[in-house]
Structures are given as structure tokens and as C-alpha cells.
Amino acid sequence: MSSLGVYGIIISGWASNSRYAFFGALRSAAQMVSYEVSIGLILISILLCVGSLNFIQIVIFQQFIFFLFPLFPLFLMFLVSILAETNRAPFDLPEAESELVSGYNVEYASMGFALFFLAEYSSMILMSALTVVMFMGGWLSFPSFSNFVLDPLIFSIKLGIILFFYI
């Protein structure tokens, strides 16, 4: 799903009819594509450990130990990759907020600009939820201890912790 964002960035840079916005779009697309490879390889290693593509099976597999502990180096690489994929600091070069030209969205204002930020923040939530499901046991509270009343709360807390690192 996150690789579909590359098309929107390229098209928005081209549609603004500005050379600088198009260069910013190319720069942002190059960074997004380059880090998707590492995200894919890390996810493939988790899928090979579980033996299923089903998210529910991945969470149930982590019932006794979360993948955060045995696959901690992969978790750190995944965290760095999703920070770069969503253009968060220190990988915020494609947005170029400190420069005069603001990357691919230099020609957009009001609702178009708001839609770009809506897409960016929804991508952050998607990547955070993927991190919680893949490495932190999803809705499971603790290994081999589950409370069905508190499970949505536990998932929200884990998601909030990952989103905290984005800010």
C-alpha cells in the first residue's frame, strides 16, 4: 500500500508544471522506492518465521514471545526504514522544509496541501500499525496472557508508543 504513494508524488510534481516541484518529486520518489526494498525483505523474514501471510496468524504466533526480542536487529532496521519511508526526521530531505522550495508540493495550497499531509499522516499510522502487528504481538497484552477486554486498549497503547517516535 505504501508503494502506491510514489505514483501520487510523481504525478503531483509533474502536474504542478514547475521544474523545481518535479525535481522534488523525483527526489522523494527515489528515497521512497529505495527503502521499500529493505522493508520488504524484513517482512519476508518474518513471514518465513511464521509460515503464513495472515496477520491473525502472525499475532497468534507471537503468543509466547514477541518478535521484538529475538528479531531486535530487524526491528531496528525496520524502524529506520519506516522513518525514511514516511519522510520523518532525520530522513526528511525530500520534503526540504528548511529550504525555500518545499519539495513536490510547492505549487499546492489549501485543500490540495491538506490532502498531501492527510496522506502522509495516514501512511505514518499504517506503518505504525504494521510495526505493532509484526513485532509487538498486535493486540496481545503480554506473552501467554490475554485479556479480551483490554486487548483493544493494549493495541492502542502500543500504536501510540510507535507514533510518539514520529513526533
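Just so it is clear, none of the values below were taken in a lab; they were calculated from the coordinates. Since we're looking at a predicted model, the values are computed, not measured. Here Cβ is always computed from backbone atoms with ideal geometry, including for glycine, and neighbour counts include all displayed protein chains.
Long hydrophobic helices in the chain, taken as whole DSSP H segments with a C-alpha length of 30 Å or more on their own axis and mean Kyte-Doolittle hydropathy at least -0.5: 19-50, 110-135. Computed from label points 7 Å out along Cα-Cβ, the spacing between Met77 and Ile161 is 2.3 nm.
The simple spin-label model puts a point 7 Å past each Cα toward its Cβ; for Glu107 and Ser141 those points are separated by 5.5 nm.
The length gained on full extension between Ala114 and Ile60, counted as 0.36 nm times the residue separation minus their Cα-Cα distance, comes to 15.6 nm.
Tell me the relative contact order for region 1-98 as a rounded percent, counting alpha carbon contacts under 8 Å between residues six or more apart. Walk me through the numbers before you get to the answer.
On the way: 65 pairs, mean separation 28.8, N = 98.
Relative contact order of region 1-98: 29 percent.
Look at the alpha carbon pairs under 8 Å that are at least 6 residues apart: their mean separation over the length of the chain gives a relative contact order of 28 percent. Looking at region 26-89, the chymotrypsin sites (Phe, Trp or Tyr not before Pro) that sit in a DSSP loop and have at most 15 other Cβ atoms within 10 Å of their own Cβ are Phe64.
Working note: 222 nm ellipticity from helices only, DSSP H runs with n ≥ 4, each -39,500 (n - 2.57), summed and divided by the residues of the chain, gives -21500 deg cm²/dmol to the nearest 500.
Taken along the Cα-to-beta-carbon direction at a fixed 7 Å, the label points for Ser122 and Ser38 span 2.7 nm.
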